[in-house]
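The structure appears below as structure tokens.
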Amino acid sequence: MSAVGTSENPLRVAIIGSGPSGFYTVSNLLKQSDLVVEMDMFDRLPTPYGLVRAGVAPDHQKDKSVTRAYEKSAANPGFRFFGNVEYGTHIHLEDLKQHYHQVMFTTGSPFDRNLGVTGEDLAGSHSATEFVAWYNGHPDFADRQFDLSQENVVVVGIGNVAMDVARILCKTVDELKVTDIADHALEALSQSKVKNVYILGRRGPAQAAFTPPEIKEMGEFAEADVNILPGEAVIDEHSQNQMDADNDKNVLKNVETIQSYAARPNAGKPRQLHIRFLVSPTELIEEAGAVSALKLVQNDLLMDDRGQLKPVATDREEVIPTGLVFRSVGYRGQPLPDVPFNESWGTIANEGGRAVDASGQQVVGLYTAGWIKRGPSGVIGTNKTCAQETVGLMMEDLQAGRLFEPADPGADSALELIRSRQPDFVSFADWKKIDEAEVAEGARQSRPRVKMTQVTDMLDVARS
């Protein structure tokens, strides 16, 4: 038989997950000279693009423009998309071994980490992921309810996702209705009684995880002021020394913006955003089975034995009355059937993108990229180099013959299997029908698109 990767015997790759790292896997494979490759991408939703569709904030349309590059990859004749097909339900690893030489997992980190405090499971306490998916129209979350009659809302965490949640809560309906926010979310937010939004960070301004554009946006609301306590905007000696040594431009920009907000007079707008530093939640206080307040402790930043700055709790406590709390303190991946998983990290166990077993030995044929590979870090573009690293290892293993040996590697055979397991799969051409319908409805409303939030509606359009 001809060598794998030739026109007579194409390299067959299955990609589980259709977010940025999945599509960057496709583009990196297509860049390999003299390689003939056939790629089948699977997603449990009928729609591709992962967090670009369901995670990027609706008022950040520019960030979603990366999908144009993904569409170019999808246009390659060696690429197929199978939406509405779930790994572990419709297809399994043993199936994939029969039809593919390599399997790439790019399934992201869909779960929030817990705060680990009393009262976290009370009504009114939610993960930020739930809220983000809800306002972005993710079918799994379209029917969720959030009590927006509360005047005070607390967001625990100080990364970009926390900032997105706070920003959506602070914006007016006029600011939101020109975006592709889900209709159900727009309606609910139009009835919002929220007046105060609190963002809580356990460390100082120099350690904030948000990016400079995210914090800059917070000062541009039509009807919300941003408030930072002057004392919490001060940079401690250890942080200043670290800033001087690192000269990280993003940190310097963040600190500059934070300190400018701390010095800004309050304009008395209807809503108030309070960004707090050096505070940690210690308890969610219950009343009638639901959250009624959040207790927090103020921290000092101290240098530990390893030279790392750590927040250390003091005896200074506060209580913020609130009936709605969102946690955004990190994310973890979901274990996948027959795939080695690192419980401590919440990622697929891997070395540079090659899956490894409990003894650290390579699991031939299995690979990973994106957040499920490295954890929840970086921005969309970070996944490009992440996928590139893994694809490089895949090419090394191709040359060395470290591959699955599929009994039936033909594209038609794989298609027959998928049709037998999930007749309602959605091809990329089907997705384009959904896309065109959403964009057309958006044009009628002077919006980027109006998202479908029910799988049945998507399938109806795909089959039309």
One residue from Ser192, Ser280, Ser260 being in a strand (DSSP E or B) and either modelled with pLDDT of 95 or more or in contact with a Lys or Arg (Cβ under 6 Å, 6 or more places away or on another chain) (or both): Ser280
Can you pull out every residue in the stretch 236-250 that is of a type in the set (D, E, K, R), assigned to a helix (DSSP H, G or I) and more than 31 Å from the chain's Cα centre (by Cα)? Glu237, Asp244
Part of a loop (DSSP other than H, G, I, E, B) and assigned by TED's automatic domain parsing to the domain that holds Phe221: does that describe Lys253? no
Which ones in the stretch 134-187 are farther than 17 Å from Phe326 by Cβ, charged (D, E, K, R) and not in a loop (DSSP other than H, G, I, E, B)? Asp174, Glu175, Asp183, Glu187
Looking at (1) free of Cβ contacts under 8 Å to residues at least 12 places away in the same chain; (2) under 18 Å from Trp431 (Cβ atoms); (3) more than 26 Å from the chain's Cα centre (by Cα), which one does Ser33 not meet, given that it meets all the others? (2)
When the stretch 10-19 is checked residue by residue, the ones that are over 22 Å from Gly88 (Cβ atoms) and either buried (at least 24 other Cβ atoms within 10 Å of the Cβ) or basic (Lys, Arg) (or both) are Leu11
Hey, any hits in the stretch 380-394 for a residue that's in a loop (DSSP other than H, G, I, E, B) and assigned by TED's automatic domain parsing to the domain that holds Phe105? yes
The listed residue being of a type outside the set (Asp, Glu) and within 17 Å of the chain's Cα centre (by Cα), out of Ala75, Ala54, Ala69, Ala3: Ala54
Unique residue being of a type in the set (A, V, I, L, M, F, W, C), at pLDDT 95 or above and in contact with a Lys or Arg (Cβ under 7 Å, 6 or more places away or on another chain) when the list is Val325, Val319: Val319
Among residues of the stretch 275-332 being surrounded by 16 or more Cβ atoms within 10 Å (Cβ to Cβ) and basic (Lys, Arg), the residue farthest from Cys170 (Cα to Cα) is Arg332
Would you check which residues across the stretch 1-25 are part of a helix (DSSP H, G or I) and free of Cβ contacts under 8 Å to residues at least 60 places away in the same chain and list them? Phe23
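The values are calculated or read from the model by the stated rules, or taken from the named source; none is laboratory data. Just so it is clear, the model here is predicted, and its values are computed rather than measured. When we count neighbours, we look across all protein chains shown, and the Cβ atoms used for this are built from the backbone with ideal geometry, even at glycine.
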